[in-house]
Each structure stands twice: as structure tokens, then as C-alpha cells.
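A short worksheet on the structure shown next.
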Amino acid sequence: MTISPTSSPGARLHRSELAVPAIRPELFPKAAAGPADAVFLDLEDSVPEAEKDRARANAVAAVRDLDWGRKILAVRVNGLDTPHFYKDLIALLAVGGDRLDIIMVPKVGDPREPFAVDLLASQIEANANRARRVGLGLVIETAKGLANVEAIATASPRTESLHLGVADLAASLGMRTTAIGGLNPDYATTAGLMDPWHFALARVITAARAAGLRPIDGPYGDFRDTEGLEAATRRARALGAEGKMAIHPGQVATLNAAFQPGEAEVAQARRVLAAMEAGRQEGRAAVALDGRLLDIASIRQAEALVAKAERI
């Protein structure tokens, strides 16, 4: 038996992704009404073992009963190596209604894991007569997952996004830190601090973009450090990340602003498209604008930027 292909959901706005513990239902309405582009209700790390069943019931009710508007709505389930995973997936897809957009799968280390999730989801959806297929968001947060990220990214046609999980990845790699994201004073040269997450994030972004997925950077743990968050977000944006996780609602505005194209950027992109169209009508594949050469690749970059601005 093989998994069935699913059609692409199309581009989604995914600048900010707010984590909300499923054990805290009083937070759900604020998250639903808030400015985050995406919200994921967490059944995994933020929920004590004794509260797993209650958190699952909270998440199912929230998916089914709350108005989440046009947000990406996700639930991070427990790992495949736990006794909770299959119960999470069955409850969310069989009785949770059709609103859920994404199942976030934590600690993915092997391409067989998203394949297995896809297979079980297909069976549940068929039996529940679910109106639309759920997508997958895969969290890369172990050394094994990072080593296999290219194969993981293409393992299931349901997959929409790859997410970097910095805290567990730090533990898996044996990094000498207890911080969640950000810089490490020991990782530096005489020129200054370097970003210890550069390699992992660049690899996740490359694998995601090669597979047509959205790459989402991991969270920044010190929610009081706005300056550090802004710097980390700029680095992620420069590498090509689509958005970043937030562990506190106060971080969302910073992420939305950072990943939103500026007015000057959008105006320049429109000028690029206009110049290339004029060149095309004259039979040219490349044109000069403001002393810089533009070609087909310039069109793709400009179109992507304009499209994101229009979605916002």
C-alpha cells in the first residue's frame, strides 16, 4: 500500500508561528484572535505526562469549536515513539472536524516517520470522511533528523513545512548551552560572536526550499530580549527562512514586521517586473535597471516578494 499524493495547499502566510500549550485552554481565544499568522497547540513538551489525555481533549475542542479565522492552525502531536501519538492523530482527524491545517510531528529523524504518519492519516481520513487532507509540519530537532533532512523533506507529499527545533537539537548535538536559540559567548572569533545555529538553519532551509516547503526557524527563548530576537530574526530572514516560531505572544509583532516586505522593497520589485516585461516585448531576456543586470531569476525573486506582500 502506498500513500496517495495530495494537491499543494498553495502559498500560506507564515511569518510568525505561536506555540500555545494545549493544557492551557484559557489561552486559546487570545491566540485565535491574535496577530500570529500560524498557531500550534502543543501536546508534546509543554504537557506533563499525566495531563496528556486532558490536553488532547482541549485541542480537539479548540480545533472544532473556535473561530481561527484565516490562520494556519496546527497541533504538535506527541512523538511516534510514545504511547500517545496514535491517540493524538485519531482524535484530531476523526472527531476534530475539518479546520485543522497541519499536524506537526516532533523529533523527526528518519524519512520513514512522515511516511508512516501519512499512511495512518490517510486511513483515518478515509474512515472519517474528512473533507480535506491535513498537511504535515516536520520538526527537525535531533542530530539524526538534521543528517537526514533532505530525505525527510521529500518523504510525504503532505508535508508543507520544515521547522527547526533548537532546544532539543542542542541537547542532541551535545552543545554547551541551556539557552533556546540565540548566540553563545563561547562561539566566537577575535572578530566577534558567530551564530551557532547557522549551519543547522541553512541546511533545513536548503532542504525545505529544494522540496518546495516552507522553512520555519526555531524559537528565541528569552522573550524579554527584543533586541536579541530582532537580530536572530534578521539572520534567519537573510538565509531564506519563511518565518519563525514564537514562544510568547509579545514576540509576534517583531516577527511579522521582520518577515514582511517593506514598501520600498515591494516598489522596487514592481519596477523590476515592469522593466523585464518591457524587455520581453522587445525580445530581450535580460535588461539593465539602475545599473544592474536583470534576468529571468530576477523575475522569480520579484514575483515572490510581490506575492507575499499581496497576501499580507
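Yes/no matrix, rows are residues, columns are (1) of a type in the set (F, W, Y); (2) open to solvent by 70 Å² or more (accessible area, probe 1.4 Å); (3) over 21 Å from V39 (Cα atoms); (4) touching a residue at least 60 places away in the same chain (Cβ under 8 Å):
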residue	(1), (2), (3), (4)
P196	no, no, yes, no
F199	yes, yes, yes, no
I205	no, no, no, no
R214	no, no, no, yes
L229	no, no, no, no
A238	no, yes, yes, no
P261	no, no, yes, no
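Please specify each residue of segment 41-73 satisfying the condition of being crowded, with 22+ Cβ neighbours inside 10 Å and touching a Pro at 6+ places or on another chain (Cβ under 6 Å).
If the condition is that a residue be crowded, with 22+ Cβ neighbours inside 10 Å and touching a Pro at 6+ places or on another chain (Cβ under 6 Å), then D42, E44 are the ones that fit.
Here are F40, F85: which of them is under 19 Å from S161 (Cα atoms) and aromatic (F, W, Y)? Reasoning before the result, please.
Working: F85 fails: under 19 Å from S161 (Cα atoms).
Being under 19 Å from S161 (Cα atoms) and aromatic (F, W, Y) holds for just one of F40, F85, which is F40.
Would you please name the residue that is nearest to D42 (Cα to Cα), looking only at residues in segment 215-247 that are part of a loop (DSSP other than H, G, I, E, B) and under 16 Å from the mean Cα position of the chain (by Cα)? It would help to see each step written out before you state the result.
Of segment 215-247, the ones part of a loop (DSSP other than H, G, I, E, B) are 218-225, 240-242, 247.
Okay, now just the ones that are also under 16 Å from the mean Cα position of the chain (by Cα), so 218-220, 240-242, 247.
Values: G218: 15, P219: 14, Y220: 17, G240: 26, A241: 22, E242: 21, I247: 11 Å.
My answer is I247.
If a residue must be surrounded by fewer than 21 Cβ atoms within 10 Å (Cβ to Cβ) and touching a residue at least 60 places away in the same chain (Cβ under 8 Å), how many such residues does segment 123-137 contain?
1
From the list V75, V47, which residue is touching a strand residue (DSSP E or B) at 6+ places or on another chain (Cβ under 7 Å), within 13 Å of V20 (Cβ to Cβ) and part of a loop (DSSP other than H, G, I, E, B)?
On the way: V75 fails: part of a loop (DSSP other than H, G, I, E, B).
Just a single option satisfies the conditions, and that option is V47.
Just to be sure before I move on: is R56 out of contact with any His (no Cβ under 7 Å at 6 or more places or on another chain) and assigned to a helix (DSSP H, G or I) in the structure I sent? Write out each step before concluding.
Working: out of contact with any His (no Cβ under 7 Å at 6 or more places or on another chain): yes; assigned to a helix (DSSP H, G or I): yes.
The answer is yes for R56.
Rundown of residues vs (1) out of contact with any strand residue (DSSP E or B) (no Cβ under 9 Å at 6 or more places or on another chain); (2) open to solvent by 10 Å² or more (accessible area, probe 1.4 Å), yes/no style:
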| residue | (1), (2) |
| --- | --- |
| V139 | no, no |
| V149 | no, no |
| S156 | no, no |
| L173 | yes, yes |
| R176 | yes, yes |
| L183 | no, yes |
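The values are calculated or read from the model by the stated rules, or taken from the named source; none is laboratory data. Just so we're clear, the structure is a prediction, and the values are computed from it rather than from any experiment. When we count neighbours, we look across all protein chains shown, and the Cβ atoms used for this are built from the backbone with ideal geometry, even at glycine. Calculation scope for accessible area: heavy atoms of the full protein, side chains included, ligands and nucleic acids excluded. Shrake-Rupley method; radii C 1.70, N 1.55, O 1.52, S 1.80 Å.
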